[in-house]
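Structure, as structure tokens:
The values are calculated or read from the model by the stated rules, or taken from the named source; none is laboratory data. Because the structure is a prediction, the values reported are computed rather than measured. With ideal geometry, Cβ positions are generated from the backbone for all residues, glycine too; neighbour counts draw on all protein chains shown.
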There are 2 protein chains.
Amino acid sequence: MAATVIDGKAFAAKVRERVKAHVTRLVEEHGVMPGLAVVLVGENPASEVYVRSKGKATREAGMKSVEHKLDAATSEADLLALIGELNRDETIHGILVQLPVPDHIDADKVLAAIDPAKDVDGFHISNVGLLGTGQKAMVPCTPLGCLMMLREELGSLSGMEAVVIGRSNIVGKPMAQLLLKDSCTVTIAHSRTRDLPGVVRRADIVVAAVGRPNMVTSEWIKPGATVIDVGINRIEKPEGGTRLVGDVDYEDVAKVAGAITPVPGGVGPMTIACLLANTVTACCRKLGLAEPEGLTA
Amino acid sequence: MAATVIDGKAFAAKVRERVKAHVTRLVEEHGVMPGLAVVLVGENPASEVYVRSKGKATREAGMKSVEHKLDAATSEADLLALIGELNRDETIHGILVQLPVPDHIDADKVLAAIDPAKDVDGFHISNVGLLGTGQKAMVPCTPLGCLMMLREELGSLSGMEAVVIGRSNIVGKPMAQLLLKDSCTVTIAHSRTRDLPGVVRRADIVVAAVGRPNMVTSEWIKPGATVIDVGINRIEKPEGGTRLVGDVDYEDVAKVAGAITPVPGGVGPMTIACLLANTVTACCRKLGLAEPEGLTA
């Protein structure tokens, strides 16, 4: 009995179609085009790739895309001034500052300066607080993507036992909040957890987000469980070269899991799709319009 | 083998002594007296009792206590104006608006108007967000009191299995965040949890905060576990009259637990003690002084 493979690439394409359909309606019925501004400081090659993909995906969804590429020597004050402008710009509904920023800039201060209503990364303290009290928030893209995949695969999550491995602020903790909001019984496990395999073995839903290659093996998994692998780890191949693997030993776990996301091609593609979803959501909330169905937490 | 009774009244007295000692140092060494303002709108008899006790405890700890009793007909605008004044008042380090407020006032709006640095109730969205990302926050008094009792009873909580029953914004969710910060493996259980007794039976630490009289019985408890009962429920006695009971069937659970808080006399007395602790903490943070030891999360 092999696990169902949750095809993140195909599902992300579906989410992007939903976004595009909603954008079309916003343009046609309300004369409004959602806009996303991405700010990049300095010349990190990986960041440049991400920013390019985000811009392309934004335009493909029919939205306005603005890219601000600032010199590595840009002062914190100038960056904050730009964010202030984008906060005031009515054609911009989402603002994303690509991390990391250079050392002379205080990232926390920069994130705190973004209007929470435009904070499509969901990292602003106000959004963490809103999510943490079950209110409408902008939700971080990666856990939102995991939630969408889980709902698509399982329907209602109510009453299921979920174990989140990892307690980071960008994945583990918001993931736990989202699963709790969907009425799972949620356990957060981490490096100090005593019997990690035993804890994970209770779960109907496992979300692994720790950054340890192939850590989760088949003995950790209750037969039939749904396994979402957020890890993206580059490891060396025996024959030379490198490859990407998740936190889950895919081949092994696929033998007992009910459903599983591969790496690559699982959670990864969902992240940009959810960034687009968040931008549309932010736009609709700003204008007091109905939120896009199937694109929010 | 009977459980250790965790005497909340005695421990609260100890916490209040710690607060008082720290206040004395602040006054003598820095010429600063922490100040707490409590705002009460309308004439709820229970609220008046609470406000009086808070004022008395504040003064007994050597701090400045200010009470604002406003007429039930006070407008939201006037209440917000008062909060603005208190935010600006340098002799006031903590502000507490006693809930509930009359129906014509939006409680969320009022809580959001309090300077997060003076939010000694820890209900402001910013404080929820700070706690939710492991940063320094003002922490709600009841879960802070539970944490203090657990640390006092157990020492380091790292690696312990904790189960929080109940997912309210004022107890369950912040409690889970605090236990996670202390490196417990944390599970949040609630009304949708499928096998609640089975889930609770895993726990080294149980915190019950659901408001269902005597719900937790001895079969739910792993022998030796520490049980914190946040519930305060008034039930009718067979012989007539009423009495207070917790969410835990005390007599029954005390037979198997390692330690347990009674109701009354457990968590209850800790709440005001933690309000005083939060006021001192807020004062020290405001002035950039060392935080009081043993009084923070």
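A few points about this structure:
- Of all residues making up the stretch A:107-151, the number that are without any contact (Cβ under 8 Å) to a residue 12 or more places away in the chain and of a type in the set (S, T, N, Q): 3
- Subset of the stretch B:189-236 (residues that are surrounded by fewer than 16 Cβ atoms within 10 Å (Cβ to Cβ) and acidic (Asp, Glu)): B:195, B:219, B:236
- Test for residue A:186: is it surrounded by 24 or more Cβ atoms within 10 Å (Cβ to Cβ) and either closer than 20 Å to residue B:178 by Cα or in contact with a Cys (Cβ under 7 Å, 6 or more places away or on another chain) (or both): yes
- Condition check for residue A:101: over 23 Å from residue A:20 (Cβ atoms), in the same structural domain as residue A:36 (by TED's automatic domain parsing), crowded, with 23+ Cβ neighbours inside 10 Å and of a type in the set (A, V, I, L, M): yes
- Meets criteria (assigned by TED's automatic domain parsing to the domain that holds residue A:145 and crowded, with 24+ Cβ neighbours inside 10 Å) for residue A:260: yes
- Residue count for the stretch B:112-122, restricted to those that are buried (at least 19 other Cβ atoms within 10 Å of the Cβ) and of a type in the set (A, V, I, L, M): 3
- Against the numbered list (1) in contact with a helix residue (DSSP H, G or I) (Cβ under 7 Å, 6 or more places away or on another chain); (2) assigned to a strand (DSSP E or B), residue B:296 comes up short only at (2).
- Criterion violated by residue B:103 - all others in (1) away from every other protein chain (no Cβ under 13 Å); (2) in contact with a Leu (Cβ under 7 Å, 6 or more places away or on another chain); (3) without any contact (Cβ under 8 Å) to a residue 40 or more places away in the chain satisfied: (2)
- The set of residues from the stretch B:112-127 being within 9 Å of chain A (Cβ to nearest Cβ) and assigned to a loop (DSSP other than H, G, I, E, B) comprises B:123, B:124.
Yes/no matrix, rows are residues, columns are (1) aliphatic (A, V, I, L, M); (2) free of Cβ contacts under 8 Å to residues at least 12 places away in the same chain:
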residue: B:155; (1), (2): no, yes
residue: B:162; (1), (2): yes, no
residue: B:218; (1), (2): no, no
residue: B:240; (1), (2): no, yes
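- Residue count, the stretch B:112-126 (criterion: under 17 Å from the mean Cα position of the chain (by Cα) and of a type in the set (Asp, Glu)): 2
- Filter result for residue A:58 (of a type in the set (Ser, Thr, Tyr), in a helix (DSSP H, G or I) and not assigned by TED's automatic domain parsing to the domain that holds residue A:107): no
- Scanning the stretch A:143-170 for residues that are aliphatic (A, V, I, L, M) and farther than 14 Å from residue A:297 by Cβ yields a count of 7.
- Beta carbons closer than 6 Å, at least 6 apart along the sequence or on distinct chains, pair a first residue in the stretch B:272-297 that is outside the structural domain of residue B:59 (by TED's automatic domain parsing) and of a type outside the set (Asp, Glu) with a second that is assigned to a loop (DSSP other than H, G, I, E, B) and surrounded by fewer than 24 Cβ atoms within 10 Å (Cβ to Cβ) for B:277/B:295; B:280/B:292; B:281/B:291; B:281/B:296; B:284/B:291.
- When the test is whether a residue is surrounded by fewer than 17 Cβ atoms within 10 Å (Cβ to Cβ) and under 24 Å from the mean Cα position of the chain (by Cα), residue A:60 passes it.
A quick yes/no check of all residues on (1) among the acidic types (Asp, Glu); (2) in contact with a helix residue (DSSP H, G or I) (Cβ under 7 Å, 6 or more places away or on another chain):
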residue	(1), (2)
B:203	no, no
B:221	no, yes
B:225	no, no
B:239	yes, no
B:256	no, yes
B:269	no, yes
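- The lone exception for residue B:100 - which of (1) modelled with pLDDT under 95; (2) under 30 Å from residue B:225 (Cβ atoms) it fails: (2)
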